[in-house]
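Since the structure comes first, as structure tokens, the remarks are kept for the end.
The values are calculated or read from the model by the stated rules, or taken from the named source; none is laboratory data. On a predicted model such as this, the values are computed, not experimentally measured, just so you know. Please note: Cβ atoms are built from the backbone with ideal geometry, for glycine as well, and neighbour counts cover all protein chains shown.
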């Protein structure tokens, strides 16, 4: 048995609308949002008395999704440090292939994003960077060179 696909990555957020706008600007397709009212979710995530809103965004072409969750109850916990550096243990970023890295960075800056380090070229293969968006979310961008 092997993994068939990666369905989604979950990001817990406080400002659901701002993060949705950030990912839509990046180029993901908004599928919808609403309250998660399935009580089985509490058993899956190991929390009681959960009230949350979720939003789902799809990578164009349908290969993968980003799920956003805003917890109303219990209140979300803020990690320390808030803007953890790249060598912090745990999931640090999600990377997306883009057509024009400069254009994407410029559009994301309108949503408060900033480049973490700088845009660099890896041989004659990629241009790469990390961008920190709303709520400290880090996404990697990779522009494949011809």
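Just a few scattered comments:
- Condition met for residue 8 (within 26 Å of residue 111 (Cα to Cα), without any contact (Cβ under 8 Å) to a residue 60 or more places away in the chain and exposed (fewer than 12 other Cβ atoms within 10 Å of the Cβ)): no
- Considering residues of the range 1-20 that are out of contact with any helix residue (DSSP H, G or I) (no Cβ under 8 Å at 6 or more places or on another chain) and assigned to a helix (DSSP H, G or I) only, the residue nearest to residue 139 (Cα to Cα): 20
- Being at pLDDT 90 or above and assigned to a strand (DSSP E or B) is a description that applies to residue 54.
- Test: residue in the range 22-40 that is assigned to a strand (DSSP E or B), touching a helix residue (DSSP H, G or I) at 6+ places or on another chain (Cβ under 8 Å) and in contact (Cβ under 8 Å) with a residue 40 or more places away in the chain: no
- Residue that is nearest to residue 90 (Cα to Cα) [pool: residues in the range 68-79 that are touching a residue at least 12 places away in the same chain (Cβ under 8 Å) and surrounded by fewer than 17 Cβ atoms within 10 Å (Cβ to Cβ)]: 76
- Note on the range 117-146: residues that are out of contact with any helix residue (DSSP H, G or I) (no Cβ under 7 Å at 6 or more places or on another chain) and over 16 Å from residue 26 (Cα atoms) amount to 12.
- The lone exception for residue 27 - which of (1) over 23 Å from residue 144 (Cα atoms); (2) at pLDDT 95 or above it fails: (1)
- Among the candidates 64, 112, residue that is touching a helix residue (DSSP H, G or I) at 6+ places or on another chain (Cβ under 9 Å), on the phi > 0 side of the Ramachandran plot and in contact (Cβ under 8 Å) with a residue 12 or more places away in the chain: 112
- Wholly within the range 67-146, strands (runs of 3 or more DSSP E) carrying at least 1 residues that are within 22 Å of residue 10 (Cα to Cα): 94-98, 126-132, 138-144
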